[in-house]
Amino acid sequence: MVEIPNKLYFRIGDVSKLAGVEPYVLRFWESEFPMLNPKKSGTNQRLYRRKDVETILEIKHLLYEKRFTIEGARSVIKQQRSRSGPKPAPKPAPRQGGLFPELAHSARAEKVERIRTELTAILDMLGR
């Protein structure tokens, strides 16, 4: 098991050393595994996140130790991701109407009426 340092981003050289593969292998895996999509820095250098490094280690394990093909490893990783699946978005908190919703509604209605009156006055000044 490889100890992944607690960093926000990893450069390709760092990931190469952690995984024990050459940088060109990582670039090839990016083309074969769509889930590997490192960000690019302003200088166009690849910046891998921790999740990417974990995926790379999983790919290496599947290809080098379990002897999967690229296609087989890709499908295994897709299945693992679909099983864990995206977490459903939390439900938004219900809108608060205040302690007295009937008063909030009437206050809102009063504002709308006041705005309507002001707009009518402006139209009258403009001569409609």
Original post:
Checking ARG128 against (1) closer than 30 Å to TRP29 by Cβ; (2) charged (D, E, K, R); (3) at pLDDT below 85, which single condition isn't satisfied?
Top reply: (1)
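Only one of LYS60, LYS66, LYS7 is touching a residue at least 40 places away in the same chain (Cβ under 8 Å) and touching a Gly at 6+ places or on another chain (Cβ under 9 Å); which? Outline the logic, then answer.
Values: LYS66 fails: touching a residue at least 40 places away in the same chain (Cβ under 8 Å); LYS7 fails: touching a Gly at 6+ places or on another chain (Cβ under 9 Å).
Among LYS60, LYS66, LYS7, only LYS60 is touching a residue at least 40 places away in the same chain (Cβ under 8 Å) and touching a Gly at 6+ places or on another chain (Cβ under 9 Å).
State all residues of the range 1-35 that are in contact with a Phe, Trp or Tyr (Cβ under 6 Å, 6 or more places away or on another chain) and within 26 Å of THR69 (Cβ to Cβ); if no residue qualifies, say none. Steps first, please.
We begin by selecting, within the range 1-35, every residue in contact with a Phe, Trp or Tyr (Cβ under 6 Å, 6 or more places away or on another chain); these are 10, 15.
If the condition is that a residue be in contact with a Phe, Trp or Tyr (Cβ under 6 Å, 6 or more places away or on another chain) and within 26 Å of THR69 (Cβ to Cβ), then VAL15 is the only one that fits.
What number of residues within the range 3-40 are basic (Lys, Arg) and in a helix (DSSP H, G or I)?
Residues that pass the stated criteria total 2.
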Subject >> the range 3-27, subset more than 22 Å from the chain's Cα centre (by Cα) and of a type in the set (Ser, Thr, Tyr), residue surrounded by the most Cβ atoms within 10 Å (Cβ to Cβ) >> reply: SER16
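Here is a yes/no grid of residues against (1) in contact with a helix residue (DSSP H, G or I) (Cβ under 9 Å, 6 or more places away or on another chain); (2) at pLDDT below 95:
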| position | (1), (2) |
| --- | --- |
| VAL21 | yes, no |
| TRP29 | yes, no |
| MET35 | yes, yes |
| SER41 | no, yes |
| VAL53 | yes, no |
| LYS66 | yes, no |
Subject >> Total residues in the range 10-26, condition without any contact (Cβ under 8 Å) to a residue 12 or more places away in the chain and in contact with a Leu (Cβ under 7 Å, 6 or more places away or on another chain) >> reply: 1
Original post:
When residues of the range 17-37 are filtered for being under 24 Å from ARG81 (Cβ atoms) and among the hydroxyl-bearing types (Ser, Thr, Tyr), how many remain?
Top reply: 1
Original post:
If ARG81 passes every condition in (1) assigned to a helix (DSSP H, G or I); (2) at pLDDT 95 or above but one, which one does it miss?
Top reply: (2)
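The values are calculated or read from the model by the stated rules, or taken from the named source; none is laboratory data. The model shown is predicted, which means the values in this text are computed figures rather than measured ones. We place every Cβ from the backbone using ideal geometry, glycine too, and count neighbours over all the protein chains shown.
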